[in-house]
Amino acid sequence: MTTQTRYQTFEEFYPYYLQEHSNRTCRRLHFIGSSLGLLIAAYAVVTQSWWLIAVAFIQGYAFAWVGHFFFEHNKPATFQYPWMSYMGDWKMWWQTLTGKIAF
């Protein structure tokens, strides 16, 4: 599928998302960034330090974007498909955690 394709469902989008994350270092950076972002968000809730929610998002995306720009050499899918990309991040995170995708 080309970058001009407009995906109608997440099920159509996810194979494209995985293709955009074929570099193992990029996937690792996504996993680490998302995990740290999740920990920061949990800490924000526990301590009621709500400003840390923004830090959690920045943390997650910073790692991911380093992976794309320096290892994958492509633009993050977030720029074209923000919501589906966000869902893809967490599906890929879960599949990495459960061993379906190699870390």
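Per DSSP H run of at least 4 residues, take -39500 (n - 2.57); add these up for the chain, divide by its residues and hand me the 222 nm value, nearest 500 deg cm²/dmol. Here the helix-only value at 222 nm equals -21500 deg cm²/dmol. Beyond 16 Å, how much of the Cα-Cα pair distribution for the chain remains, as a whole percent? When every Cα pair of the chain is considered, 57 percent fall beyond 16 Å. Note on the range 62-103: Cα Rg divided by 2.2 N^0.38 Å, N the number of residues, gives 1.20. If I take every Cα pair under 8 Å that is 6 or more residues apart in the range 23-97, average their sequence separation and divide by the length, what percent do I get for the relative contact order? Across the range 23-97, relative contact order equals 37 percent.
Looking at the chain, do any whole DSSP H helices span at least 24 angstrom along their long axis by alpha carbon and average -0.5 or above on Kyte-Doolittle, and which?
Passing helices, by number: 24-47.
We did not get these values from a lab; they are worked out from the coordinates using the rules stated. Since the model is a prediction, treat every value here as computed from it, not as a measurement.
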